[in-house]
Amino acid sequence: MSNNRVCELLEIQYPIIEGGLAYVGNGALAAAVSNGGGFGVVGSAGRTVENFCREIKLAAEQTELPFGVNFPISQHADNDKIVQAILDHKHLIRAVSISAGNPRPYIPIFKDAGLKALVLTSTVHQSLRAEQAGADLVVCEGYEAGGHLGPAEMTLFSLIPQVVRVVSIPVVAAGGLSDGRGILAAFALGAEGVQLGTRFVATTECEAHDAYKRLLLDADDDATTVIERSIGRVTRVLKSQYVDDILAVEQSNPSVDTLLPYIKGRNKIAAIDGKTDAGWLNCGQSVGLIDSIESATSVVKRLVQEVQLLASGDTLDVFK
Ligand SMILES: Cc1cc2nc3c(=O)[nH]c(=O)nc-3n(C[C@H](O)[C@H](O)[C@H](O)COP(=O)(O)O)c2cc1C
């Protein structure tokens, strides 16, 4: 798996990227992913500028290997301040993953500062536009993923081969990948790397509350659902009584005004404070594969071993 275009671009050993993780993508987690040979990413969503800067510095203290940051455009009150914080720390980071908005104005700013630009997309059209705007790679996220999703609701299986056909920059697959089988499948579809989110929440370094991590361990394949469709957004979360209440409001009285009290600030309450009956939790569909809370460094190493075993075994002999 090593020595492909994603590894060269990010200067990493294995093309396994940590997705931006709102509230829970802390510096220690990013460092642990990078220390395993993957590419750790410090999240900015849900953080003050000061806290974001502190987590970047913490990551840099805990790894000598490359890592990056996530910049979800629509998630900040003041994007100028976040961009400035990223530029102020450009000597510590290798790349910015840009998501949740139009990346075009930001790509040249980051690239002029010597950073690589990773752009999150969820359709062929978006991927082409990202390439035209100068993205170094696209992370194509399928409908299986945890968190905010693209409105087209395309599954990874259909999305990746269609994007790979038309762009020439590397394509990284995201959504529903938590084991070696999924990663190998993503490569078979044409991806040159993978991005994982939910799997990295269930790690010792992640600052998510233990209650959140325990729920991930207990969750089965059908444990997730989608909220916010009634207000034009698509967000994959863990099912719960609280989420049922949100869905009931979406059915009976859907509007931004009625939903906002259930949504705003309520991810933090559950994910960080552990009050899982008073808020919602992002979670992807492959959560049923997660059965241990371990170091993110070990997760990366084990995923690599799983891929290596599968690729060298006789799984595909039937086609020989
Ligand atoms: C807890 C959580 C928070 C997330 N927050 C962000 C975010 O702030 N920015 C972003 O670009 N993507 C975010 N995502 C999406 C991830 O970066 C990643 O693409 C996705 O989790 C991949 O799907 P998976 O969860 O099935 O592995 C989040 C996902 C999760 C699970």
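Of note:
- Considering the conditions (1) within 23 Å of VAL24 (Cα to Cα); (2) in contact with a Gly (Cβ under 9 Å, 6 or more places away or on another chain); (3) within 16 Å of the ligand (Cβ to nearest atom); (4) in contact (Cβ under 8 Å) with a residue 24 or more places away in the chain, LEU216 is excluded by exactly one of them, (2).
- Odd one out for GLU141 among (1) buried (at least 21 other Cβ atoms within 10 Å of the Cβ); (2) free of Cβ contacts under 8 Å to residues at least 40 places away in the same chain: (2)
- Filter pass, ARG229 being more than 19 Å from the chain's Cα centre (by Cα) and within 29 Å of VAL304 (Cβ to Cβ): no
- Taking each residue of segment 1-14 that is modelled with pLDDT of 95 or more and looking for partners that are surrounded by fewer than 15 Cβ atoms within 10 Å (Cβ to Cβ) with beta-carbon atoms closer than 7 Å, six or more apart or interchain, yields GLN13/SER2; TYR14/SER2.
- Qualifying residue in segment 262-279 (condition: farther than 26 Å from THR203 by Cβ, in a loop (DSSP other than H, G, I, E, B) and not assigned by TED's automatic domain parsing to the domain that holds ALA173): yes
- On the stretch given as segment 178-208, residues that are surrounded by fewer than 24 Cβ atoms within 10 Å (Cβ to Cβ), out of contact with any Gly (no Cβ under 8 Å at 6 or more places or on another chain) and in a helix (DSSP H, G or I) total 6.
- Residues (surrounded by 18 or more Cβ atoms within 10 Å (Cβ to Cβ) and either among the polar types (S, T, N, Q) or within 11 Å of the ligand (Cβ to nearest atom) (or both)) located in segment 155-177: LEU156, VAL172, ALA173, ALA174, GLY175, GLY176, LEU177
The values are calculated or read from the model by the stated rules, or taken from the named source; none is laboratory data. What you see is a predicted model; the values in this text were computed from it and never measured. Note: ideal-geometry Cβ built from the backbone for every residue, glycine included; neighbour counts use all protein chains shown.
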